[in-house]
Every structure is written in C-alpha cells, then in structure tokens.
C-alpha cells in the first residue's frame, strides 16, 4: 500500500483525470471496475468529481461545461511542479505549447495543459490544498504512467529540459524505452511507437491502474461496456491489459500483489 498526502516531487505523475461527455456514465463504469466512490465538486466546479478509493483521492472525472467544445475523451496525466510559472517558461523554451495556460484552481492549486513537441498532451500541477493522488500503486489506484511517441529523441530532449529527469535505458531489440527517473527512482516511462503501430495512433500519455487480478478485471470491464484493446499478457512487472472505456478513452490495467490500504 502507498499513501501519500504531501506534494509530489517535481516531475512525478501526481494526478490523473478523465474528461468525458457524461461523467455519470464514466462514474458507473469506473466505480464498479476499480471500487471508486465519487465526491462531486463545489458549485464552481460542479462538472468535476473526485474518485476516492477507501476515502482517499485517486483520480478525477469531469465533463465540459455546457456550451463548450468537448475534446475527445481521454485520461490526462498531470506532472507535479514546484513553480508553475518557472516550469511554463521552460516548456516554452523547449518547444512545447500551451493548450490551457497556467491558471489558479481556487485554493486547490495551479494547473496548465501542454502539448509537447511530439504532439502528446500532458498536464502540469502545482499543489495548493490538493496535492494530487493520496493513494497509488495499490488496487484501484494508478500504478504507472508512460508516454509513447513517434519521436523518442525529441521527447527525451523536451522532458529532460523541463524536469530534473535522468533516463534509465530499458531498450531492447526492436523497441526503444526509458524510465523517467528522479533521484535514481523510476516515476514514469518514455517509449517509441514501433513501425507496427497503426499510422493513425497518436502520441499520448497512458495511465495504468492497479488491480489484484487483471483477467477478472478485464472480464468485469467488458460486462460494464468496455472493450479490450490488448488482451491480458504477462510482463516482468505484472499482468497487463489495455482497455477502452465507455466514452472511447483508453487506459491500462496492471496486476499487483500490493494490499489495499485500510480505509481512511
């Protein structure tokens, strides 16, 4: 179990959220799949809800305000920053562009959304009273975040310029992959989409959620209306599957033997 209530170190995936046309549909799906309960936001954020696992914040699910354009449904990874304005300057200098400029989110914190030079979208989060996920690495919580892109070198250069990462090479025959390391500890991954990847596949950050039994969770997801993108398969780090949620968003599941934390 992993409980975390302090601000996450800069560069760590601190939060994930999902924007969908109808958050209630997503809540029914993920609530049953991952054991989440939902806390609706204050009136000023009434179209956003916090998913809680055992009473602890695990993720967010929201929908666009009425009258605004809805982007394609997708999970967004938010990387922790200590000073959003300073990070924003590095983003611009390194060739990123802002899809949502730095902004205050009441007293919760400050956020921005960036497109990196390879076209992948990532969020930035500076903690206020909301530090990000309170639980990670255990069933019902995020366990891994990674960027898969078509230009590994450009992505490595960008993220290395913006964050204090070192890169742990995990490449092998036919694939290029590195861990994003902080103080010698992997906090995420960066990989290159291979030639076998469909040409319409876009560079993107992916979120992996931990489950105790990947095969059972995949079966449950299908019962709930999800689709299997990649069937369960063993990896050195757990049994992994990729799914598509009810609004078309993709996400992954990874098995863990980590126990669940006692309820808060």
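Bear in mind these aren't lab numbers, they're just calculated from the coordinates by the rules spelled out. Small disclaimer: the values here were computed from a predicted structure and weren't measured. Cβ coordinates were reconstructed from backbone atoms using ideal geometry, including for glycine residues, and neighbour counts include every protein chain displayed.
Miscellaneous remarks
- Measuring nothing but alpha carbons in the stretch 154-264 and taking Rh as the Kirkwood radius, the Rg to Rh ratio lands at 1.00.
- Model label zone, residue 2; criterion: amide N under 17 Å from point 7 Å along Cα-to-beta-carbon; scope the stretch 75-109: 77-81
- Relative contact order, whole percent, for the stretch 101-142 stands at 31, derived from Cα pairs under 8 Å and 6 or more residues apart.
- FRET efficiency for residue 176 and residue 202, using Cβ-Cβ distance with R0 set to 22 Å, rounded to 0.05: 0.80
- Distant alpha-carbon pairs in the chain (separation over 35 angstrom), percent: 10 percent
- Cα gyration tensor shape of the stretch 1-93, rounded if a/c is under 1.5, else prolate or oblate by comparing a/b with b/c: oblate
- Distance distribution P(r), the stretch 31-154, all Cα-Cα pairs, bin width 5 angstrom from 0: 2, 9, 16, 22, 21, 17, 9, 3, 0 percent.
- Taking the chain as a Gaussian network of alpha-carbon nodes connected by springs under 10 Å, the highest mean-square fluctuation of the residues 171, 127, 49 belongs to 171.
- Each Cα pair of the stretch 90-228 feeds into the Kirkwood radius, which the Stokes-Einstein equation turns, at 10 °C and 1.306 mPa s, into a diffusion coefficient of 94 µm²/s.
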